[in-house]
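Following: one structure in C-alpha cells, then a few remarks.
Derivation of every value follows stated rules applied to the coordinates shown; laboratory data play no part. As the structure is a prediction and not an experimental result, all values here were calculated from the model. Neighbour counts are summed over all protein chains in view; Cβ atoms, including those assigned to glycine, are modelled from backbone coordinates with ideal geometry.
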Amino acid sequence: MEDAHVIYAEDSWGFFGIFDGHGGSECSQFIARRIDEELRTSGMPATNEAITDMAFRLDNEFLNSNRPGGSCATFVIAQAPTRPGGSYHLRVGNLGDSRVLLGRADGSIFPGPGTDLALTTDPCQLKIHT
C-alpha cells in the first residue's frame, strides 16, 4: 500500500489527511509523519498561508532527502463551534489530483465548488475541466 493518513484531534479542532503515494510509500509515509510532528509542535495552522508554507516546507524536506516517489494529498481541518448550536468551520486542502467531498448522513453529496469534478473517474476529463 502506497497510501498513508493522519488523524490528529484536539478538543477544539482536528486535522484529517490522506496521502496518496506514487512510486512507493516513502513519500506519503514521510509526509504523514512530518505533518503529525508539525501539528504536535505548532498546533493548528491559523491561516491558509500557514498551511501552504507547511506544505512547501515538507515537500522541500522530502525532495532534499533524495528518496524516490511522491504523494498527492487531501485534508480537512475541522474547528468545533465556539458557541452552543454553532457550526463547525471546515478548511479543505487538495494537493495533486486528490479531492474531498462533503457528504451528508443520507449518502448524498453536499453541493459545492468542485463536486462535479471529484465525481469523475477519468483523469483526462478532470484535466479538461480544471
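Brief remarks on what is shown
- Scanning the stretch 1-57 for residues that are aromatic (Phe, Trp, Tyr) and touching a residue at least 60 places away in the same chain (Cβ under 8 Å) yields Trp13, Phe15, Phe16.
- Each residue in the stretch 1-47 was checked for being among the charged types (D, E, K, R) and assigned to a helix (DSSP H, G or I), and 7 pass.
- Considered as a group, the residues in the stretch 48-88 that are part of a helix (DSSP H, G or I) and among the aromatic types (Phe, Trp, Tyr) include one that is surrounded by the most Cβ atoms within 10 Å (Cβ to Cβ), and that residue is Phe62.
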